[in-house]
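Some notes on the structure that comes next.
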Amino acid sequence: MRTDPIGRLRERGTVGVAQAAFADLPVDASDLSADERARAGRFVFGTDRDRFIAGRAWVRRHMAAILGRPARALRLIADAHGKPGLDDPDRPIAFNVSHTRQRITLAVARDPVGIDIENRVPDDLDGVADLVMSPSERTAFAALATDRLRRAAFVRLWTRKEALLKAIGTGLLTEPRTATVGLGPPDDTPETVADPHVPARAWTVRSFRAGADTVGAVALAGTALTVVGLPVPAAPEPTASR
């Protein structure tokens, strides 16, 4: 079995995950495509523009390290539902991205994959729970004894559910209450769940910590899921002008 994280991504059931704080990332648009630079220019607030540039460049550097190609040569695309992909039929690989205002995460695998991180809980916890939880999830949620447990359980469930729907490719176009992912085991072991559209199709979901106050989850097609950390990509090469 391969021991290097990038090599292991060729194995079914393996997901490479990377995390970073936006504050630690350079704001360097030199590896971005013309479309990405144009999109960055349309942001009203400079902090949002810088976060977009830093995040896209970071994703490109990671994908470049995995594929052995220059970061600026990659053609990153999105499908009709907004799910990101790589426009390169010779290198079939899936990836997904999630971010808060402070952090960004990336998941890469050979099979469809989704990732989500969250650090906020809605004010109307019960109202939102009614909108997004399946009946069995709502029952388990209502049985929790304290507000602290309920708040933690909600974020845990929601990240698991959104990671699954992003992996499937429909995102929130799928009614969240139709997907059952549960509150998750306390030890973050992977759990197999059913596809809300094709019950016979299995997905595996695993929760993880994504910082002191941030919870994350990753979902992968199939009945196995092993997470490996992706190595830190090389810093962007200096350019004569920006």
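If Ser241 passes every condition in (1) modelled with pLDDT of 95 or more; (2) surrounded by fewer than 16 Cβ atoms within 10 Å (Cβ to Cβ) but one, which one does it miss? Every listed condition holds for Ser241 apart from (1).
Restricting attention to segment 77-99, the residues that are crowded, with 19+ Cβ neighbours inside 10 Å and touching an Asp or Glu at 6+ places or on another chain (Cβ under 8 Å) add up to 2.
Which of the residues spanning segment 170-180 are within 19 Å of Ile117 (Cβ to Cβ) and in contact (Cβ under 8 Å) with a residue 60 or more places away in the chain? Step through it out loud before you land on a result.
Initial filter on segment 170-180 (within 19 Å of Ile117 (Cβ to Cβ)): 171-172, 176, 179.
Matches in segment 170-180: Gly171 only.
Give the residues of segment 36-68 that are in contact with a Pro (Cβ under 7 Å, 6 or more places away or on another chain) and either among the aliphatic types (A, V, I, L, M) or not in a helix (DSSP H, G or I) (or both), sorted by residue number. If you could, list the steps in order and put the result at the bottom.
Narrowing segment 36-68 to residues in contact with a Pro (Cβ under 7 Å, 6 or more places away or on another chain): 54, 57, 61-62, 64-65.
Ala54, Ala57, Ala64, Ala65 - these are the residues of segment 36-68 that are in contact with a Pro (Cβ under 7 Å, 6 or more places away or on another chain) and either among the aliphatic types (A, V, I, L, M) or not in a helix (DSSP H, G or I) (or both).
Does segment 181-189 contain any residue that is among the β-branched types (Val, Ile, Thr), in contact with a Ser or Thr (Cβ under 7 Å, 6 or more places away or on another chain) and without any contact (Cβ under 8 Å) to a residue 60 or more places away in the chain? The answer is no; no qualifying residue exists.
Reported count of residues in segment 115-160, each being touching a strand residue (DSSP E or B) at 6+ places or on another chain (Cβ under 8 Å) and of a type in the set (D, E, K, R), is 4. Is at least one residue of segment 7-15 part of a helix (DSSP H, G or I) and loosely packed, with under 13 Cβ neighbours inside 10 Å? No: zero hits. Going residue by residue through segment 178-189, is there one that turns out to be buried (at least 21 other Cβ atoms within 10 Å of the Cβ) and closer than 24 Å to Gly85 by Cβ? Yes; the residues of segment 178-189 include at least one that is buried (at least 21 other Cβ atoms within 10 Å of the Cβ) and closer than 24 Å to Gly85 by Cβ.
Within segment 154-173, track down each residue that is in contact with a helix residue (DSSP H, G or I) (Cβ under 7 Å, 6 or more places away or on another chain) and crowded, with 19+ Cβ neighbours inside 10 Å. Answer for segment 154-173, where residues must be in contact with a helix residue (DSSP H, G or I) (Cβ under 7 Å, 6 or more places away or on another chain) and crowded, with 19+ Cβ neighbours inside 10 Å: Phe154, Leu157, Trp158, Lys161, Leu165.
Scan Phe22, Phe52, Phe45 and give me the residue that is over 24 Å from Ser207 (Cα atoms) and surrounded by 11 or more Cβ atoms within 10 Å (Cβ to Cβ).
On the way: Phe22 fails: over 24 Å from Ser207 (Cα atoms); Phe45 fails: surrounded by 11 or more Cβ atoms within 10 Å (Cβ to Cβ).
Just a single option satisfies the conditions, and that option is Phe52.
Tell me, please, whether a residue that is under 25 Å from Arg8 (Cβ atoms) and either at pLDDT 90 or above or among the β-branched types (Val, Ile, Thr) (or both) can be found in segment 32-54.
Applying the first criterion (under 25 Å from Arg8 (Cβ atoms)) to segment 32-54 yields none.
Among the residues of segment 32-54, not one is under 25 Å from Arg8 (Cβ atoms) and either at pLDDT 90 or above or among the β-branched types (Val, Ile, Thr) (or both), which makes the answer no.
Listed conditions (1) over 24 Å from Glu162 (Cβ atoms); (2) surrounded by 19 or more Cβ atoms within 10 Å (Cβ to Cβ); (3) small (Gly, Ala, Ser); (4) under 19 Å from the mean Cα position of the chain (by Cα) are all met by Ala64, apart from (2).
The values are calculated or read from the model by the stated rules, or taken from the named source; none is laboratory data. What you see is a predicted model, and the numbers here were worked out from it, not measured in a lab. Because the Cβ atoms are built from the backbone with ideal geometry, glycine has one as well, and the counts that use them run over all protein chains shown.
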